[in-house]
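So the structure is just underneath, and the comments pick up after that.
The values are calculated or read from the model by the stated rules, or taken from the named source; none is laboratory data. Fair warning: this is a prediction, and the values are worked out from it, not measured in the lab. Counting neighbours? That spans all protein chains shown, and the Cβs are built from the backbone with ideal geometry, glycine included.
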């Protein structure tokens, strides 16, 4: 890796401009973090009529996740380093996640839940911006300035990050499976999830996603990855708090406050 530019502070203008853009996105994430502790995002368990017109949950999920999959594919397809091992692996890791989130997860959903169109639109906007940030860094800026050598896949950052990435993905997918199978066909009751990581937190799916993108930030060792991780935390931690409070009220008789945390086992 040639991190001379970063270590010396002598950043080329394109990288400096890119970092400034990432910094602005990080500030937006901070605003969202504070806001979501006062306003519940209106989808899933928190959806109310005040969020306006809705669309099928399945269609909404697909439409808001597909853009980032396609944008990364676009950057990869135009890149001169797409066959270089580190870049190829970055691409595969990223697209595996969004292949599942865009084309598999939505169609595994049960029921006929609705998603507010405004929530879908805001999520789509974030995914477009994030797709640009990740793709532009990996397949334009990083190769232009020699950031990743073939030996990067042997670095501790890549190895540890890859382990975290797939650990988080497995937790996320399994947690979604647990939620989908809480009820038997025809049952309309609500249940407190108790399997897998739900033994420790009320938002195990969010925990998995945070671990996953923390791994991505580590294995890419980039500000682009760090901003993705930061924004994910800013978005999901307050939502986990809202779900915790709702479960605490809805399942008061079986809610174990000493055992269950919001999103980080034994911590919060």
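Just to be sure, is residue 105 farther than 27 Å from residue 183 by Cβ, surrounded by 14 or more Cβ atoms within 10 Å (Cβ to Cβ) and touching a residue at least 40 places away in the same chain (Cβ under 8 Å)? I'd like the intermediate steps shown before the answer.
On the way: farther than 27 Å from residue 183 by Cβ: no; surrounded by 14 or more Cβ atoms within 10 Å (Cβ to Cβ): yes; touching a residue at least 40 places away in the same chain (Cβ under 8 Å): yes.
Taking the combined requirement at face value, the residue does not satisfy it.
For the condition in contact with a strand residue (DSSP E or B) (Cβ under 8 Å, 6 or more places away or on another chain), assigned by TED's automatic domain parsing to the domain that holds residue 160, closer than 29 Å to residue 138 by Cβ and in contact (Cβ under 8 Å) with a residue 24 or more places away in the chain, residue 207 qualifies. Checked against (1) farther than 15 Å from residue 14 by Cα; (2) at pLDDT 95 or above, residue 149 passes all but a single condition, namely (2).
Against the numbered list (1) farther than 16 Å from residue 219 by Cα; (2) under 15 Å from the mean Cα position of the chain (by Cα); (3) surrounded by fewer than 18 Cβ atoms within 10 Å (Cβ to Cβ), residue 111 comes up short only at (2).
Taking (1) in contact (Cβ under 8 Å) with a residue 40 or more places away in the chain; (2) within 23 Å of residue 18 (Cα to Cα); (3) surrounded by 15 or more Cβ atoms within 10 Å (Cβ to Cβ) in turn, residue 232 satisfies each apart from (1).
Condition check ((1) assigned to a loop (DSSP other than H, G, I, E, B); (2) at pLDDT 75 or above; (3) crowded, with 17+ Cβ neighbours inside 10 Å) across all residues:
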{"residue": "5", "(1), (2), (3)": "no, no, no"}
{"residue": "14", "(1), (2), (3)": "no, yes, no"}
{"residue": "28", "(1), (2), (3)": "no, yes, no"}
{"residue": "31", "(1), (2), (3)": "no, yes, no"}
{"residue": "34", "(1), (2), (3)": "no, yes, no"}
{"residue": "42", "(1), (2), (3)": "yes, no, yes"}
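On the stretch given as segment 152-195, residues that are at pLDDT below 95, surrounded by fewer than 14 Cβ atoms within 10 Å (Cβ to Cβ) and assigned to a helix (DSSP H, G or I) total 1.
Of all positions in segment 246-257, at least one carries a residue that is surrounded by 19 or more Cβ atoms within 10 Å (Cβ to Cβ) and assigned to a helix (DSSP H, G or I).
Would you be able to say whether some residue in segment 52-59 is without any contact (Cβ under 8 Å) to a residue 60 or more places away in the chain, loosely packed, with under 15 Cβ neighbours inside 10 Å and over 24 Å from residue 230 (Cα atoms)? Give the derivation first.
Keep residues of segment 52-59 that are without any contact (Cβ under 8 Å) to a residue 60 or more places away in the chain, which gives 56-59.
From what's left, loosely packed, with under 15 Cβ neighbours inside 10 Å: 59.
Of the ones still in play, those that are also over 24 Å from residue 230 (Cα atoms) are 59.
Within segment 52-59, one or more residues are without any contact (Cβ under 8 Å) to a residue 60 or more places away in the chain, loosely packed, with under 15 Cβ neighbours inside 10 Å and over 24 Å from residue 230 (Cα atoms).
Restricted to segment 74-98, and to residues that are in contact (Cβ under 8 Å) with a residue 24 or more places away in the chain and in a loop (DSSP other than H, G, I, E, B), which residue is surrounded by the fewest Cβ atoms within 10 Å (Cβ to Cβ)? The selected residue is 80. Scanning segment 198-229 for residues that are buried (at least 23 other Cβ atoms within 10 Å of the Cβ) and farther than 25 Å from residue 135 by Cβ yields 201, 202, 203, 204, 205, 207. Of the residues making up segment 192-204, just one is touching a residue at least 60 places away in the same chain (Cβ under 8 Å), out of contact with any helix residue (DSSP H, G or I) (no Cβ under 7 Å at 6 or more places or on another chain) and farther than 14 Å from residue 268 by Cβ, namely 199.
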